[in-house]
Each structure stands twice: as C-alpha cells, then as structure tokens.
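A quick write-up on the structure given underneath.
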Amino acid sequence: MPVSRVSGPSVAFDRVSKRYPGGAVAVDDVSVEIAGGSFVALVGASGSGKSTLLKMVNRLIVPSAGGIRIGDADVAAGDAHLLRRRIGYVFQNIGLFPHLNVGENIAIGLRLTGGKDRAGRAADLLDLVDLPRDFASRMPDALSGGQRQRVGVARALALEPGLMLMDEPFGALDPVTRDQLGTAIRALHDRLGLTTIMVTHDMAEALILADRVLVMAGGRIVADATPQALLKGEGGAEADALVAVPREQARRLREIGGGA
Ligand SMILES: Nc1ncnc2c1ncn2[C@@H]1O[C@H](COP(=O)(O)OP(=O)(O)OP(=O)(O)O)[C@@H](O)[C@H]1O
C-alpha cells in the first residue's frame, strides 16, 4: 500500500504567548497564519522562542495566552494524544527506541492505533525516505546519524499526518548529509502535500527549503517574507543580519575561486 497524498491543513496562531514559570516570556503575542500546503521556516537567534512556538502546536507546551487552530480545530480542545497522531514531529537526535528494530520503530504509532500490515507499511515508509527495506531488521545503534534521522522522518509519516513539525531536524548532521536530507524532506513535503513548519538556526537552509521564512527575536516575529524578498533585503534589520551570513560566505567562496 503506497503512502498516499494528503492535504496539509492551515495553522493559525492567534495572539499566542508563553511565559515560563520564573518569568521568562518566550513567545510574546504572536499572531500568524500559515497556509495549508506551505513550507515555513522559523529562524532566529538562540533563545528567540522558535522551539516554544513550534511545540505549542502539538501541545508539548501549553500557551499562557492565545489560541492555535489547525484547520478548523482548536488545538486546546480534545485529547493531546489524538492531536499528536495527526501531526508528524521530527527533532534533533530523533530518539528512536533502542530496544526496537527500525521496522518496529517506524510502525510504533501503527501498533498503538491497531494498524494492520505494519511490516508492509514500514517497508513502504523506508522506500519513501530512501532507505533499503532490509534496514527494517536493523537496530537503531547500527545506523548512521543521517540514517537515524531518515527513520525518524519515516516514523513521523507513518500515520499519514497532514502537518509536519520539525525542530532542528538536521542539527546534529554533517553538512553533506544535512543538505541531502533537507532536499529529501522538501521533496517529500511536495509529493505528499504536507504543511511543514521547520525550526532552524541556519538561514541558508531556510532560504533554500522554505516558501516563507518567519524570523523571531525576543519572542516576536520580526520578519515574515519569502526567501526572494529576504534576499532582496526586504525583511528588515534582523532578517538582513541573518541573510548577511550566507551571502558573505558565498561572496568569499567566489573570491577564493577567482570569481568562478
Ligand atoms: N522550560 C523552560 N523554563 C523556563 N524557560 C524556558 C524553558 N524553555 C525555554 N525557556 C526560555 O524561553 C526562551 C525561548 O526558548 P526556546 O527554546 O523557545 O528558544 P529557541 O529560539 O528555540 O532557542 P534555540 O535555538 O537555542 O533552541 C529562552 O529564553 C529560554 O531560556
């Protein structure tokens, strides 16, 4: 049974804030609408509130104020476990169960929901993330970091979510693997019709992969623009400072290469 195309839902944040016990305001009155089917990158300096904003979507963190809707559904209504079954979640060092093999790791959500033909589904999902089917019987510690992240992506897709949340999914990977996996994720996003929200520190990655980039600073969204607009310098001061880094690197590489 091939993995089917879905129609990714919209995600709307309405005046969302998060104040942690002890006083830190991590997210400060954020309102933003993310269109169904879009790939949005959340970038910003460490501590700017990116992960907090993302984790409020699947209720790993509960907002102090405001509300979030996925399509027509209020995230705060109903059971958090049921909500999370409809949302794929991939994070750095994906946290596979070490005592389960790859196939069992991928199918864990199907096991919990009583899904049939789990081995067949795991094989389809391995195909989807470009891993050999015989990896199903391997244990997680027999995989490279990049392969483990691919298994994590397969696991996140097992219940056919329309929405994927990614928190620094490539953070611990070498640059080549990171680039390959980023390209693979974008291709999957397009092929499956997902809505994807990805937190990254890396502005170049955001510009290359996303349709729209939200820049956070001090818990607020300080820029909201397409990669094209950001590259034209239309994102404002904070965004320009982040775009300047890959731009300057590209300039220096051209210089070293003699303008080639
Ligand atoms: N559980 C917590 N308790 C108290 N403060 C927290 C907690 N989690 C995060 N914070 C604070 O909230 C702010 C935002 O943190 P958050 O992790 O959302 O930022 P981030 O932009 O994702 O950072 P990074 O890129 O370093 O992961 C930071 O000042 C952080 O110290």
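The values are calculated or read from the model by the stated rules, or taken from the named source; none is laboratory data. These numbers were taken from a predicted model, which means no experiment stands behind them. So basically every Cβ, Gly included, is an ideal-geometry build from the backbone, and we count neighbours across all protein chains shown. The protein model used for the area step is the full one, side chains on, heavy atoms only, and it has no ligands, DNA or RNA in it. Shrake-Rupley method; radii C 1.70, N 1.55, O 1.52, S 1.80 Å.
Using just its DSSP H runs of length 4 or more, each adding -39500 (n - 2.57), the chain gives a mean residue ellipticity at 222 nm of -10500 deg cm²/dmol after division by all residues.
Residue separation of residue 249 and residue 179 scaled by 0.36 nm, minus their Cα-Cα distance, works out to 23.6 nm of gained length. For region 48-137, the mean projected area of the C-alpha convex hull, equal to one quarter of the hull surface, is 7.8 nm².
May I ask for the Kirkwood hydrodynamic radius of region 97-160, worked out over all distinct Cα pairs and given in angstroms to one decimal? After inverting the mean inverse Cα-Cα distance, the result is 11.2 Å. As a rough guide to protection, the peptides 36-43, 123-130 ranked by mean Cβ packing within 10 Å, highest first, stand as 36-43, 123-130. Leaving ligands, DNA and RNA out of it, report the carbon-plus-sulfur percent of the accessible area of region 110-191 at a 1.4 Å probe. So the carbon and sulfur contribution to the accessible surface is 50 percent.
In this structure the chain gives 47 Å² per residue of accessible area when probed at 1.4 Å with all protein chains present.
Region 127-254 has equivalent-ellipsoid semi-axes of 30, 17, 12 Å, by the square roots of 5 times the alpha carbon gyration tensor eigenvalues, sorted largest first. Estimated at 0.36 nm per residue, the fully extended path between residue 60 and residue 144 surpasses their Cα-Cα distance by 27.5 nm. Panel values: region 1-103, Kirkwood radius from alpha carbon pairs, Stokes-Einstein at 20 °C and 1.002 mPa s, translational diffusion coefficient 139 µm²/s. Of the residues 234, 205, 104, the one that moves most in a GNM of the chain with alpha-carbon contacts below 10 Å is 234. When the chain is treated as a GNM, springs tying every alpha-carbon pair under 10 Å, which of 176, 199, 213 comes out with the largest mean-square fluctuation? In this elastic network of the chain, the residue with the biggest mean-square fluctuation among 176, 199, 213 is 176.
With the biggest extent put first, the Cα atoms of the chain measure 53, 52, 34 Å across the principal axes. Determine the share of region 1-106's accessible area contributed by carbon and sulfur atoms, expressed in whole percent, with a 1.4 angstrom probe. Carbon plus sulfur share of accessible area: 52 percent.
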